[in-house]
Amino acid sequence: MKVVPKWFPDLRQIVPRFATKEFRHLPIVCEIQSYQEYELGYRKLATTLGRVSSKPAPRELELLRLLIDRRTNPVGSLGLADCLFMTAFVSIIRPRRMIEIGTGSGFSSAVLACAIDPQGANSCKPCVDTLDAHATYFGDRELPVGFEIPRLIGEFPGSVRVHAPRQSDYIRNLASPNELEMAFIDANHQHPCPLLDLLRIVPYVRSAGWILLHDIRLGTLVEESRKNGVPVAYEAVFGAEWLFEEWPWTKIDGGNIGAIQLPIERKAIWGPMRRLMKRPFEVCEQSYRPLRDEVGKAARILS
């Protein structure tokens, strides 16, 4: 586990003002690499978030182990450190519900559901709404998006509701403005797609709320692997990495997964958005103009 120790004594006083000004670029590093580190990592993360009284729910880690053991298709899915960070983060914030952009196999949806409601006490009511732009799983086009959910959480599969094929603008049908405490983005990582997904979900997340981002080191990891002679089946894309890197407010680095805190004034996002839009697009050239228009449209809603 990696932690920046000097922040911990005063974080409860410091964290709230991070969300007010665009001046902080360095992330607070808090990785949880193994099951054995979970309890210590949980306490450190809870202190970072100003919630020192938070404790893991009964069977929280046991449920996560069960999900990982049940998973049969890990292609593009969360690694162990990602799962530990996500579970701890959601457990500490304790949101009533979440929206996820990018369903894939449905593994992360199941992890979110168990972290929100580990006992399945409210299983008759969905606590995770997950969207995917495709109807079929990218790792196997014969399988539908979210195909793993019924098997992973067969005890309470109704806690996750899949919406596919749906773009992130469909969020307006799932949430009310300022309703959510946090959300998760793990969809198309090609720049500027993560930025567009963020802009579309921001109106529905409370000021100073949190967005979890996956694959914040994807581009760098792929490039490093190839330099070391390790073949990688997919391209190095930097959309999520650049978004996390450019974010000027509070952000917590959990490895290849991170969390960014929204500013109090949403329109303050225009500054980093403009800088990001100057970076080279990673999508096909035919998508440049439509994506620029969609980013502009989503940004105008923040005013």
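The values are calculated or read from the model by the stated rules, or taken from the named source; none is laboratory data. Computed from a predicted structure; not experimentally measured. Cβ placement follows ideal geometry from the backbone for every residue including glycine, while neighbour counts extend to all protein chains displayed. Surface areas here come from the heavy atoms of the whole protein model, side chains and all, with no ligands, DNA or RNA. Shrake-Rupley method; radii C 1.70, N 1.55, O 1.52, S 1.80 Å.
Quantify, in whole percent, the carbon and sulfur part of the accessible surface of the chain (1.4 Å probe; protein heavy atoms only). The value for the chain is 51 percent carbon and sulfur by accessible area.
For region 209-303, chymotrypsin sites (Phe, Trp or Tyr not before Pro) are listed when DSSP marks them as loop and at most 14 other Cβ atoms sit within 10 Å of their Cβ; the list is 234. Short to long, the 10 Å bins of the Cα pair-distance histogram for region 210-300 hold 15, 40, 34, 10, 1 percent of all pairs. Once the 1.4 Å probe is applied to the protein heavy atoms, the chain comes out at 45 Å² accessible per residue.
Put simply, the amide H of residue 105, placed in the peptide plane, has neighbours under 5 Å in 146, leaving out anything fewer than 5 places away on its chain.
Is the chain best put as rounded, prolate or oblate by its Cα gyration tensor, with a ≥ b ≥ c the root eigenvalues, rounded for a/c under 1.5, and otherwise prolate when a/b is larger than b/c, oblate when not?
On the way: a/c = 1.25, a/b = 1.05, b/c = 1.19.
Rounded, since a/c falls under 1.5.
When the chain is treated as a Gaussian network with alpha carbon springs shorter than 10 Å, the biggest mean-square fluctuation among 254, 219, 106 belongs to 219.
Which of the three applies to region 113-183, rounded, prolate or oblate, going by the alpha-carbon gyration tensor with a ≥ b ≥ c and a/c under 1.5 meaning rounded?
Since a/c reaches 1.5 but b/c is at least a/b, the shape of region 113-183 is classed as oblate.
Does anything in region 168-184 have its amide N under 19 Å from the 7 Å Cα→Cβ label point of residue 96, and if so which residues? Only 171-184 fall inside the zone, counting backbone N under 19 Å.
Can you give the net charge of the other residues whose Cβ lies under 10 Å from the Cβ of residue 85, counting K and R as +1 and D and E as -1? Counting the neighbours of residue 85, the net charge comes to -3. Taking every full run of DSSP H in the chain, none both stretches at least 30 Å from end to end by Cα along its long axis and averages 0.0 or higher on the Kyte-Doolittle scale.
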